[in-house]
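Each remark here refers to the structure printed beneath this line.
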Amino acid sequence: MHIPDGFLDAKVIIATAALTVIGVGAAWRQTKKQLPQQQIPLLGLAAAFVFAAQMLNFPVAGGTSGHLLGAVLISVLLGPSAAIIVMTAVLVVQCFLFADGGVLALGANIFNMAVMGVLVGNAIYRIVLRILGGERGRIAAVAIASWGSVLAAALCCAGELAWSGTVAWQTAFPAMAGIHALIGVGEAVIACLVITAIKKTRPELLAVDSRPLPGRTVATVIVYGVVIVLGLVLFVLPFASAWPDGLETVAAKFGFDHQALARPLVPSLMPDYKFPGLDSAAFAMIAAGIAGVVVVLLLVFFLSRRLKGNT
């Protein structure tokens with residue numbers, strides 16, 4: 001769902017950038033106030049997991065693939081404000097290091113996936129959990145909210161394309177909604193599996209209040225998390241689907257894929273998630289994945305220091 005440069009016009013780029021600045025700025029202030037300092041290191045682990053998981057495209061239907069968004073998953077674990085920060089950091093790294101999403105379209109991509117994906121998903125999660133209650137209700141809430149977050153981000157993308165004159169709304173809406181409704185099912189399944197695993201192994205991470213976690217718990221979760229992330233990159237990433245994602249499929253079907261800029265405005269070090277200088281496609285992707293995880297961790301480490309230093 002990463003929009004490339006060339007799909008959006010100036011007014012949409014400016015409007016989404018302004019909304020993103022407001023949304024991310026508010027999330028930053030809320031994170032400083034609400035997230036216990038002892039849990040701040042979990043931001044880096046969450047960002048690394050989302051980055052690695054988003055590289056693992058899964059086949060959907062008709063030659064289209066999808067990948068985890070992660071907005072609801074992270075908001076359930078760390079809260080919506082921290083989730084927006086995590087998602088933003090991942091999208092920035094994807095844009096500048098891998099040319100995944102346009103530089104001018106970065107505001108739109110952050111708004112769609114980090115801001116709207118988190119806020120809509122979190123709202124759905126809270127409403128469903130309040131209605132159903134209990135652990136089964138939590139899983140149902142995660143599933144419905146995860147599906148809804150993907151659909152919300154896709155519909156925002158459709159609206160931006162239509163407002164830019166790239167494709168008519170009556171075309172963009174059903175096309176984006178239809179394919180991402182299927183991708184949302186995959187999102188829901190993955191999110192529920194992760195939450196279920198966390199519930200069985202570290203239920204304290206799902207506490208509804210903001211009490212700090214014990215230091216040993218945080219350290220253990222980080223160690224296990226790093227192992228999981230590296231396992232995904234090393235052993236699962238080479239088998240990720242190479243099919244185009246939902247937006248790419250819609251663009252090709254309705255003939256506006258050629259509007260994407262042939263070259264990124266800012267040269268990236270590892271375009272298309274390929275580490276330069278490696279002949280093996282699998283090794284090039286694995287190396288790029290590891291490099292991306294490291295860069296995401298460093299970026300979030302810097303942000304975490306800012307959070308600690310200003311609280």
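Annotations for the structure displayed:
- The mean sequence distance of close C-alpha pairs (under 8 Å, at least 6 residues apart), as a share of the length of the chain, puts its relative contact order at 31 percent.
- Here the label points at Trp169 and Phe58, each 7 Å from Cα along the C-beta direction, are separated by 3.3 nm in the simple model.
- Of the three principal axes defined by the Cα atoms of the chain, the extents in descending order read 53, 48, 38 Å.
- Here each label is just a point 7 Å from Cα along the line to Cβ, and for Asp272 and Arg130 those points are 4.8 nm apart.
- Selection from Val233, Leu193, Trp28, by position along the positive dipole direction of the chain (Cβ): Trp28
- Net charge of neighbours whose Cβ lies under 12 Å from the Cβ of Ile85, counting Lys and Arg as +1 and Asp and Glu as -1: +3
- Rounded to 0.05, the FRET efficiency of the Ala181 and Lys11 pair, given R0 = 30 Å and the Cβ-Cβ distance, is 0.60.
- Assigned charges on the beta-carbon of Lys, Arg, Asp, Glu; the stretch 90-217 dipole about Cα centre (debye): 600
- Relative contact order of the stretch 150-298: 18 percent, from C-alpha pairs under 8 Å at least 6 residues apart in sequence.
- Theoretical ellipticity at 222 nm over the chain - DSSP helices of four or more residues, -39500 (n - 2.57) apiece, nearest 500: -22000 deg cm²/dmol
- Residue-wise HN-Hα couplings along the stretch 14-22, as the Karplus relation 6.51 cos²θ - 1.76 cosθ + 1.60 with θ = phi - 60° gives them from phi, are 5, 5, 5, 5, 5, 5, 5, 4, 5 Hz; Gly and Pro carry x.
- Links that overshoot a 31 Å alpha carbon limit, given the list Lys32/Lys200; Lys11/Lys308; Lys199/Lys253: Lys11/Lys308; Lys199/Lys253
- A simple spin-label model places pseudo-atoms 7 Å from Cα toward Cβ; at His258 and Ser280 they are separated by 4.0 nm.
- In sequence order, the stretch 97-103 has phi-based couplings of 8, 10, 6, 9, x, x, 5 Hz under the Karplus curve 6.51 cos²θ - 1.76 cosθ + 1.60, θ = phi - 60°, and Gly or Pro positions carry x.
- Residues with amide H under 5 Å from that of Ala61, placed H, sequence gap 5 or more: none
- Assuming charge only on the beta carbon of Lys and Arg (+1) and of Asp and Glu (-1), the dipole of the chain about its Cα centre is about 1240 debye to the nearest 20.
- Distance from the stretch 100-154 to the stretch 8-66 (C-alpha centre basis), Å: 11
No lab work stands behind these numbers, since they all come straight from the coordinates. Please read all numbers here as calculations on a predicted model, not as lab measurements. Cβ atoms come from the backbone with ideal geometry, glycine included; neighbour counts cover every protein chain shown.
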